[in-house]
Every structure is written in C-alpha cells, then in structure tokens.
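**Student:** First, the structure itself, so that you have it in front of you.
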Amino acid sequence: MQNCSCTDKRYHHLWHIELRILLFGFCCNATGKQDQDVNGNFGDETVRLFQTGRFVYKLIISNIFSVAKKLKLIFNPAARGGKSEQIAQEVKSYLDQEGVDYAFVKTQAPLDAIKLAATAKKEGFDTVCSIGGDGTAHEVANGAIKSGVTFGIIPAGSGNDFSKGIGLRGNWEEAIETVLYGTETSISATKINDRYSINIVDSGLGGVVAKKSLESLRWMKGSMKYTLLMIRALLSHKPYPCTVILDGDEFEFDINILAAGFGQSFGSGMLILPEARFTDDEMSIAVINNASRLTILRVFPKVFSGSHITYDKYVTMLRGKHLKIIPHQAEDRNMLSQAEGELVGTAPITFEAVPKALKVMIPNEWDLDKASLWNKDAHQ
C-alpha cells in the first residue's frame, strides 16, 4: 500500500471544497457573457476566477490545519490480553512523525482512565483518546463528559462494539485519522448513578456475564467468550421478579435480561437493540422476560442478527427517558448491571437518557442514523 502524508490526507478529506469552488466559477461564467473560444477554451476572465478560487481554498485549508489538536491518549496495557501494546506503539510513531502535540499515559488500575480523562481540560488538552477496548472507552468517555472535552477512540480490545457503532472498522490508521481529521458530533448516553454508558447498559444475565468475564477466561476474546460465559451463567440462572417504572408507567417483569441505551450491539456483535441510534433522545430498551433456560438458548443465537425482537412472547421492546428497576425480593437486590463490560451497580437502579452528552469524533462519511457495522445485512 502506498504511503501518503497527513497533509495529503487532509486535502483528500476536503477535496469537495475545491470542486465546489470550481463549480462556482463555472456558474459565475455561465450566467455572464460567453467566455469561450470556438475550441471550447475558457477565456482569461474565467481562468482568473478559477485561480482566485483555488487561492482562497488553499488559504482556508492552511488556516484550518494550522491549529493542531492537543491530544491526551489514555492506554490500557491489559487490553486484548496485552496485545494492544503494539497498536499503541504504532500510534505513537505515527503522531511523532506527523508532529502532533500529545501526551501518552497508561492506566495502572480500574477506573484510572476516568480520573486521567477528567483532568484533561485543566491540563490544556481539547481531546482525549482511548486506546483499548470497550471498557477503556467507557472510562475515558466518562472522564471526557466530566471535563467537557472531545472524545476519540482507537479500538484495541476484543469486542469494540461502541467503535463499530460509530463507523470505525477496527484498524488503528483509520481511527487516528478520525481523531485528528474526522467529524465532531454529539451523541446521547445513559446515566447510571454517577456513571455514563456510551453504548448499552444491561441488568440480569448480562451483569453476571460481565462479572465472570473479569474473573475467568481472560485469555479468550470476542463473541465466543461471551457465549461460553452466558451458557455458564445460565446453569444457575433464575429470572428476577421486578417492577420496572418507565417514564411513570409501571411494568411487571421476571427479568432475564434488561438492556437499555443508544448503541445497537454488545458482547461482540449481539444486536440486542437493533433500532437504537446515538442521535436518539430516548433510550431503546429490550426486556427478555420469564424465559426458561432452554428458551434463552433458543433465542440467544437470534440476538446476533437482531431477529430476537420477533419473539414477542418473551421479548418486549420499549423506549423511554427514565427507567427504574425495583426487585420484589431482597435476595434479588444483588442483580448486577454492566455497561461496556464494566460493573456499574446493583438493583434497585435507575437509567436516565442524557441527549448529546458526549462530544465524539466519527469518520467523515459516517451517518449515525445507519445500522451498526456489526449488522452485515445493512452494509452489503
């Protein structure tokens, strides 16, 4: 593959500006006198107009990129079983080569990334970037929300559901170019106590799987790990009888899984909320209710395509801004909730939609109203 400089890529991302200037010149000429000879060549007046347009274009672009971003990159050395170290070193080499102003810090313990990102603005950074998996992204994004800086992500984990939801295909080159030269937009998030979920928060079996994931099979990655841990969790699983209050309306569920948020997939491609979008004001919610272990095993594979929503006997789809889960029995107050693979609390628990909570960099061509990249049918 031919190498090209960041300067070339900057102009490549904005080639359409020059095209519009040329079209503007053509239209100006077309509305005036004829300025072509018999051979179809433009006259001096039009040539001067084109040259002026190109000069203005280059002046605008040089001014846009004369103000470089100051990045704080937060790296989880444990992501992908330690294999993310190579990605981090390649990113550093790239930034050094291009003369980007940045700081690079490693996390030492759980929740470190929240603290490191929360101080970014006071330290003079305008963008924080996570290098790791969904868990690292969760922490860095929480710190970004608190400090008010823009969030970028270089996926280097085993799941990367959030990054695929915002249009990143998984390679670090595309990701760092997006951080530097992509489109800044705002996405909605779900508030849980003092934490935010930037993708999906779920209670019940998902929380149990997240806990087991932190304790075992740490060498395994992706959907295979999630599937094995789900089967293991099912061996002792019983539904949680709960009252769910959604925007003032009460529902009674025997919860197997309750998932809510603005992302579409979790667990390495499980499309639990296929209709969710990061631009929504209301959370999308899926409740798998009162299903036996055998039924869950039958429905579970359908989640990878999003077709589980057709099992309306066991699956209820809802939307809302404020949701509270209240267990009926004291022993069910240990029902766990997880967001992006991180444990965020036990029931009773409240989820609250926060529109436009996080400023994030996405690829220039990506439309947040599209389906996730995990949804192969939507991108054929």
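**Student:** Label-point separation (nm) for TYR311 and LYS324, each offset 7 Å from Cα along Cα-to-Cβ?
**Tutor:** It is 3.1 nm.
**Student:** So what's the Cα pair-distance distribution over the range 70-172, bin width 5 Å, in %?
**Tutor:** The percentages, shortest bin first, are 2, 15, 26, 26, 21, 9, 1.
**Student:** For PHE104 and LEU343, compute 0.36 nm times the residue count separating them, minus their Cα-Cα distance, and round to one decimal in nm.
**Tutor:** Working it through step by step, the gained length comes to 83.4 nm.
**Student:** Please report, in debye to the nearest 20, how large the charge dipole of the range 196-317 is about its Cα centre when each Lys and Arg carries +1 at its beta carbon and each Asp and Glu carries -1 there.
**Tutor:** Approximately 1040 debye in magnitude.
**Student:** Counting Lys and Arg as +1 and Asp and Glu as -1, what is the net charge of the other residues whose Cβ lies under 15 Å from the Cβ of THR190?
**Tutor:** It works out to a net charge of -4.
**Student:** State the extension gain, in nm to one decimal, for the chain segment bounded by SER93 and ASN364, taking 0.36 nm per residue of separation less the distance between their alpha-carbons.
**Tutor:** Once the chain is fully extended between SER93 and ASN364, it gains 95.2 nm.
**Student:** Could you compute the net charge surrounding PRO348? Neighbours are other residues with a C-beta less than 11 Å from the C-beta of PRO348; K and R count +1, D and E count -1.
**Tutor:** Within the 11 Å Cβ shell, the charges total +1.
**Student:** With the crude spin-label approximation of a point 7 Å out along Cα→Cβ, what separation in nm comes out for GLU173 versus SER186?
**Tutor:** 3.5
**Student:** Cross-link list LYS92/LYS146; LYS70/LYS370; LYS92/LYS164; LYS238/LYS302; LYS211/LYS238; LYS69/LYS164: which exceed 19 angstrom alpha carbon to alpha carbon?
**Tutor:** The pairs that break the limit, which is 19 Å between Cα atoms, are LYS92/LYS146; LYS70/LYS370; LYS92/LYS164; LYS238/LYS302; LYS69/LYS164.
**Student:** If each residue's Cβ is checked for other Cβ atoms within 10 Å, how do ASP367, ASP202, ASP254 rank with the fewest at the top?
**Tutor:** ASP367, ASP254, ASP202
**Student:** List the GluC sites (Glu not before Pro) in the range 322-371 that DSSP assigns to loop (not H, G, I, E or B) and whose Cβ has at most 11 other Cβ atoms within 10 Å. Which are they?
**Tutor:** Of the GluC sites (Glu not before Pro), the ones in loops of the range 322-371 whose Cβ has at most 11 other Cβ atoms within 10 Å are GLU365.
**Student:** Just the ratio, please: alpha-carbon radius of gyration of the range 197-355 over 2.2 N^0.38 Å, N its number of residues.
**Tutor:** 0.94
Coordinate-derived values only; no laboratory data. Here the structure is a predicted model, which is why all the values come from computation and not from measurement. All Cβ positions, glycine included, derive from the backbone under ideal geometry; neighbour counts span all protein chains shown.
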